[in-house]
Amino acid sequence: MRGRFISLEGGEGAGKTTLIERLRQSLLSQGHEVVVTREPGGTPGAEDLRTLLLTGAADRWTAMTEALLMYAARVDHVERLIEPALQRGAWVLSDRFSDSTIAYQGTGGGIDLDRIRTIHLAALGDFAPDLTLILDLDPLVGLRRTVERGEDPTRFEMFDTEFHTRLRAAFTEIAHSEPQRCVLIDASKSPDDVFEMALSHMRERLEVKA
Ligand code: Z5A
């Protein structure tokens, strides 16, 4: 039986990585094979592209170059990791996927969203997650969480607050425009509450038992 593909989306510091680890453990305890991955990245080639995308000056790439590099990484990721895992019945949890390109390079970077959808269609056809959990959080709270983590900021974290506020609106719009695939989760709640909300959506939509 084909596995399930779940993507997690949201702004910086929204808690995707924290939630993925909890979901991984929950799915493992139900006996599923679980593949945890991330974008940009997930395969050796895509991780090389991740380094190009996330390091250097904030204006290192234009939004369109970023989008094309994201899709180059994504095709490698889908063809070499995600699709084979789904075919052998695994559950794939990806920290970001194509909605991030719509939000960051589209709404955030100013590329017409239909141009990004056209790139997606050419690169991946109608390939999409079975479920997308969008973690919604005030960008200032999210950025504060990442600063407290004490790591060097990525190129995207250097963008201004207005950019991050537009991202939040973009993710909310995606959730509203594709309710069959996407759910919006209040990420200001505790990690336990966020996990319970995610699990409840998975139970409803993907026949998860735990
Ligand atoms: N990008 C793009 O532009 N276009 C694309 O198509 C794609 C990506 C695919 C990847 O960065 C960057 O690539 C990303 C968009 C761009 N922009 N940035 N920056 P990344 O992978 O390095 O970063 P990220 O995806 O934004 O993740 P993050 O900053 O690591 O955040 P997170 O995974 O959502 O959060 P976390 O690590 O789980 O939590 C952050 C901190 O908050 C941590 O200390 C936790 O312990 C704490 N936390 C977590 N949950 C909670 C709750 N519920 N309450 C309180 N504290 C919490």
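Please specify each residue of the stretch 118-151 satisfying the condition of being touching a helix residue (DSSP H, G or I) at 6+ places or on another chain (Cβ under 8 Å) and part of a helix (DSSP H, G or I).
Passing the criteria: Ile119, His120, Ala123, Leu124, Pro139, Leu140, Gly142, Leu143, Thr146.
May I ask you to list the residues in the stretch 143-165 that are surrounded by 15 or more Cβ atoms within 10 Å (Cβ to Cβ) and either touching a Lys or Arg at 6+ places or on another chain (Cβ under 9 Å) or basic (Lys, Arg) (or both)?
Arg145, Arg155 - these are the residues of the stretch 143-165 that are surrounded by 15 or more Cβ atoms within 10 Å (Cβ to Cβ) and either touching a Lys or Arg at 6+ places or on another chain (Cβ under 9 Å) or basic (Lys, Arg) (or both).
Restricting the search to the stretch 65-113, which residues are more than 9 Å from the ligand (Cβ to nearest atom) and β-branched (Val, Ile, Thr)?
Thr65, Val75, Val78, Ile82, Val92, Thr107, Ile111
Out of the residues in the stretch 1-23 that are among the charged types (D, E, K, R) and in a helix (DSSP H, G or I), which is nearest to the ligand (Cβ to nearest atom)?
Going through the qualifying residues, I end up with Lys16.
If you scan the stretch 116-143, which residues turn out to be farther than 25 Å from Leu93 by Cβ and touching a residue at least 12 places away in the same chain (Cβ under 8 Å)?
Leu140
For the stretch 24-38, give me each residue that is in contact (Cβ under 8 Å) with a residue 24 or more places away in the chain, surrounded by fewer than 22 Cβ atoms within 10 Å (Cβ to Cβ) and not in a strand (DSSP E or B).
Arg24, Ser26, Ser29, Gln30, His32, Glu33
Laboratory data are not the source of any read-out in this text; all were calculated from the coordinates shown. In this text, all values refer to a predicted model and were calculated from it rather than measured experimentally. Methodologically, a virtual Cβ is constructed for each residue, glycine included, from the backbone with ideal geometry; neighbour enumeration extends over all protein chains shown.
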